[in-house]
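What follows is a short report on a single structure.
The values are calculated or read from the model by the stated rules, or taken from the named source; none is laboratory data. Please read these numbers as outputs of a predicted model, since none were measured by experiment. Note that we place each Cβ from the backbone using ideal geometry, even for glycine, and neighbour counts take in every protein chain shown. Only protein heavy atoms, including side chains, enter the accessible area calculation; ligands, DNA and RNA are left aside. Shrake-Rupley method; radii C 1.70, N 1.55, O 1.52, S 1.80 Å.
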Amino acid sequence: KQEIDDAINKLPEDIKRLMYPFEYSSTSTRKKNEERIFCQRCYNLKYHNKLTTTTTSPSSSSSSSSSSSSSSSSLWQETLTMDKSFLNFLQKKKNSIILTIIDIIDFPGSLIKNLDNLIGKNNPNILIANKIDLLPKNFDENMIKIWLKNHCSENGLKNIHDIFLCSAKKNWLIKDLCNEISKIKNYNDNIYLIGNTNVGKSELINSFLRTYVHNGRKYEVTSSHIPGTTINMLGLPLNIFGDTFGKNIRGILFNNNNNNNQGDRRFLFDTPGIVNENQLFHFLDQEEIKMITPQRNIRPFTYIFKPGKSLLFGGLGRIDYKMGKNPIRITVFSGLESHITSIEKADEFYKQLSFYEEDHFLKPPIGSIERLKKFPEIIKSIKNLKVVSNEKLYMNTKKISILDVVWSGVGWCSIGGVKIGETAIFDIWSPDGKGVYVRNVPL
Ligand code: GDP
């Protein structure tokens, strides 16, 4: 740690600020962070966005040779995540509260499928749609909730106690969420926070700590854009959410009016993410994942999209307007660059694999030619997607205005403006044909 700090300290101040905007924005914040003790793995995650494996004990925080840095995205897939079978133990539980968290900008990609079957009926399940700070401004909360409910139902999650929109990172609506949890009666077991990798489970735990625990930042768990960094179930005894400032999360989370101190023996569990192989970050390395993770609310771009044209979406997605009479509207929601060209040129584009050129704007993938050779081919994931006149589209008897094509974890395109009586036909492409979803959006 000392060596790294020394090296960083030698850098010019403006570079430091660019690299670590939060830590270096004020010396007092920096000092506060220095007082915390990290294990080497968490230190690297927090300060260098690097996932390292370590065989030493977690308390070893000096840089040791037993640690090896890895940029391989398969590392976490093999060792650091759990599969769905771990949820089966929740089936045997009664009266545990389940907090199911999804990433609102990767929906339904970040939803664990068939949750109703996996976790049983006895446990009230609250759906938390996280990262709403990334949504374009002025979204309609009620519409999103209805829309989430419909899609969850189609994906095997009907048994939802309530739906909450929040931002763990910005602490938005966290108190409302806890108030809602407190209203659930007759439960006496732990709280389990479950979700796919990278949806923000650790960040949500941190948000609880920041909101309810005096000096909560001291206890924060390490959250990272690198998926699969929570190694094991992490239980926070509810008694650490003490009576500081008169806000007692036990009282809020466990509004059970019993005085036998049950709360002390209960835990709020952060769980390792469930791997969803359709999330596209499986193909990406750490730097590329950082590139696709939006840092602020997404600003949509609308294009007039003519038949015969292709929209390239970073190096990860492509949508061809194959057949249709008239131009339509296509709106892109992503932190990545997009580019419109003709369908023939798009083919050439990918064949030439010119992504390794430094000034190439359609990234990721990025890196050496070797890295790019290993990158899966962009192939057709959905052929001949038909969008019939938008006026005629319905979802559960509700008229819908647009149809979204989602590249899991990367962003989405909204198709609109197909004229009455017309049909537009599209081909959708993605790496290895994976991670693409089509969803309807209510009017
Ligand atoms: P986990 O794998 O589910 O535990 O996810 P993490 O808590 O490690 O978060 C994954 C990434 O999402 C990190 O880069 C977080 O900073 C980011 N993240 C989590 N919650 C939010 C949020 O509410 N808003 C935004 N913008 N990013 C978030």
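Observations on the structure shown:
- Candidate set from segment 279-324 (those that are more than 16 Å from the ligand (Cβ to nearest atom) and part of a loop (DSSP other than H, G, I, E, B)); member that is most open to solvent (accessible area, probe 1.4 Å): Lys306
- Contact map, segment 165-176: residues that are without any contact (Cβ under 8 Å) to a residue 24 or more places away in the chain and surrounded by 20 or more Cβ atoms within 10 Å (Cβ to Cβ) paired with residues that are hydrophobic (A, V, I, L, M, F, W, C) and not in a helix (DSSP H, G or I), Cβ distance under 6 Å, separation 6+ or inter-chain. No pairs are found.
- Looking across segment 155-185 at every residue that is in contact with a Cys (Cβ under 9 Å, 6 or more places away or on another chain) and β-branched (Val, Ile, Thr), the one that is modelled with the lowest pLDDT is identified as Ile174.
- Any hit, segment 209-216, residues being at pLDDT 85 or above and either of a type outside the set (A, V, I, L, M) or near the ligand (Cβ under 7 Å from one of its atoms) (or both): no
- Answer from Ile112, Ile119 - the residue that is in contact (Cβ under 8 Å) with a residue 12 or more places away in the chain, within 16 Å of the ligand (Cβ to nearest atom) and open to solvent by less than 40 Å² (accessible area, probe 1.4 Å): Ile112
- Segment 406-441, residues that are charged (D, E, K, R) and part of a loop (DSSP other than H, G, I, E, B): Lys419, Glu422, Asp432, Lys434
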